[in-house]
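Remarks on the structure that follows.
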Amino acid sequence: MNTQNHATAACRRRPVLALISAILAMIGVCGPVAAEETPYWRTTPPTNARPSSAGSGWTSTGGGNFTLTMPPGGKLYIGIENFDQDNEQKTVDLVINQVTGDPANPDNTRWLAPRSVVGVRPLQGNVAGHMAINSNIYTANPPFRHLCMVFEPCPEWEYVEFENISSVPRSFRLYAKVDSECSEKRRSSSVGVPLDTFEVVCGKFGVDGHSLGNPRITEVQIFPSQLQVDLGAPLSFVAPPHTGNWTPDYAFVTGLGDPAPQGGARFVSDGPGLTPADVYSTSLRMVGGSDSQYSVFAFDADIGQWQSYLFTKLDLPWYEGFEHYDPLDDPLGGLHGQGGWQGWEDDPAFDAPPSGQQSNGGAKSVKIGGDADLVRPFGGADDGAWTFECWQYIPSSFDSAGGGTFAGTYFNLLNTYPVTGDNSWSVQMQIDSNDGMLKVFHGDGLGTIDVPYETDRWVKIQVEVDLADDWTQIYYDDELVSEYSWTGGILGDGGGAFDIAAVDLYAQGSTDVFYDDLALTPIIEPCVADLAEPFGSLDFSDVIAFLTAFGGMEAAADLAEPFGQWDFSDVVAFLTAFGEGCP
């Protein structure tokens, strides 16, 4: 035996054993350090102070019962902070048990109404409408109301406002608990692949909702614009019991009699239906991902007519492969009005068709030529770091159809749309057959950086945007071409917005160029403490993995300077990351 190596190994084991004791003492054997997720309450409108902060005016429920009295028109606010470490929604079970009330209304089903929902995000202030309220469970003996409140993971904390809508004071006991059996937690759309489900929470019809007048809605229909409905998935429609029992079914013809071959959902009530004061929630699932636009039809029984309108959902992350569009290569029809696409400034004259002539994956792409100036706006890419990626095919026969400095076809990313000035363009890439060059306007106002463009093969264009550092990097065929300030714009004179607002594919009279597999996705920082399965959440298996890597002097445990040495600074770095959880 080599005594020197044996001694070295023994010296390494002793600190590791001590570290095991220290880490177990600091985090406990049950799992990661987690902040308290007890709901809070108050009877006065909240400020932006988070509930757990000193002097915020919030009172913790303690996870148990407490008694309150609400006067007529009185308000109750229930809030929760979200410390979820695996990007899942947080469920709160809220039970309101009547103590005294109105003898003329023994079932008490309508005395307490949810009025508003507000989420508070760091640096962005208030964001309305994040929490879903499932209030479909009622019993009358003893009278209580049972609500499931689902908080999204993105806001730092959220609250819901309730109002006593009866004419008498109400005293009641309230019980609130996080992560009860009220419903299963659901994966959020804020991280990962696009959702395949259309969902409306806390929706309304009428003067307080999306349509006009004061309707009484007894049937609701929902149709995605391009994707097929998953006929094997359950349909959901939740509304207060007094609106009637809602029967779900699939539909292939709209209320106006138009065919909908991709399918949709219809929900029919056997009762009086929804009024403008009634909140509903609904969902249906598609095949192949999330759609960006949905047609909704609502039958107003009071006047015997259908109302119709559109939902536009520009969910991020976003992907477009053009596989669900028809007809192909049609000079008279294209993508305008489908999938969130539009001609420049919403003008169909600048439309472009899906094409079967070329494809990077699947069978279709989009063809940009002639008058095409096709735009896809986004909503929500206004902080953090993002990657925009697409694949471009330039035929060897490509012709810019003219001369001059700015001849050719363009790939653009905008920081503002509709545009407000030169700095609305943060990325402008020109492809010019006159000299065979791809020209990137590099953001210093001095001109372009030019590289030869590739023909007759698919080439990746990639743009990395870090809005926190106001920086962008542009890659062509996996080679860095240029980098500069995102808000500086393509001329470098500043004033742009911290937003990835739209992609623009502009032909400017040129012959056809093809694009496929476009994607806008967030860049998620790696979770250095997430070292073991199940990945995406932190538990004791991650602690064991860290200790193993630390004992073996592996790179996974070398988390702090001086790098190349495994000491207590790496332990502190791991504990800090473990306590903060995964992004």
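The values are calculated or read from the model by the stated rules, or taken from the named source; none is laboratory data. Since the model is a prediction, treat every value here as computed from it, not as a measurement. We place every Cβ from the backbone using ideal geometry, glycine too, and count neighbours over all the protein chains shown.
General remarks:
- Search result, residues across the range 222-281 that are part of a loop (DSSP other than H, G, I, E, B) and within 17 Å of V200 (Cα to Cα): S225, A233, P234, L235, A239, P240, T275, P276, A277, D278, V279
- Within the range 457-481, residues that are farther than 17 Å from G492 by Cα reach partners that are basic (K, R) and surrounded by fewer than 17 Cβ atoms within 10 Å (Cβ to Cβ) with beta carbons closer than 7 Å, at six or more positions or on different chains, in the pairs D477/K460; D478/K460.
- Qualifying residues in the range 442-491 (those that are touching a Lys or Arg at 6+ places or on another chain (Cβ under 8 Å) and at positive phi) - the one modelled with the highest pLDDT: D477
- Any hit, the range 396-418, residues being farther than 23 Å from V440 by Cβ and not in a loop (DSSP other than H, G, I, E, B): no
- Matching residues in the range 462-504 - criterion: being within 12 Å of L413 (Cα to Cα), part of a strand (DSSP E or B) and out of contact with any Phe, Trp or Tyr (no Cβ under 6 Å at 6 or more places or on another chain): E464, I474, V503, D504
- Residue within the range 302-318 that is under 17 Å from I500 (Cα atoms) and at pLDDT 90 or above present: no
- The listed residue being touching a strand residue (DSSP E or B) at 6+ places or on another chain (Cβ under 7 Å) and more than 21 Å from Y319 (Cβ to Cβ), out of S482, S541: S482
- The number of residues in the range 58-86 being modelled with pLDDT of 80 or more and under 15 Å from V168 (Cα atoms) comes to 7.
- Selected residue (criterion: farthest from S569 (Cα to Cα)) from residues of the range 532-553 that are in a loop (DSSP other than H, G, I, E, B) and modelled with pLDDT of 80 or more: G552
- Neighbours by Cβ (under 9 Å, 6+ apart or cross-chain): first from the range 560-572, without any contact (Cβ under 8 Å) to a residue 12 or more places away in the chain; second assigned to a helix (DSSP H, G or I) and of a type in the set (S, T, N, Q): E561/S569; P562/S569
- All positions within the range 239-253 that are surrounded by fewer than 17 Cβ atoms within 10 Å (Cβ to Cβ) and not aromatic (F, W, Y): P241, H242, G244, N245, T247, P248, D249, V253
- The condition of being at pLDDT 95 or above and not in a strand (DSSP E or B) holds for only one of G370, G340, G334, G362, that being G370.
- As a summary of the residue check, G337 satisfies the conditions (1) within 28 Å of the chain's Cα centre (by Cα); (2) among the small types (G, A, S); (3) farther than 30 Å from T218 by Cβ except for the one numbered (3).
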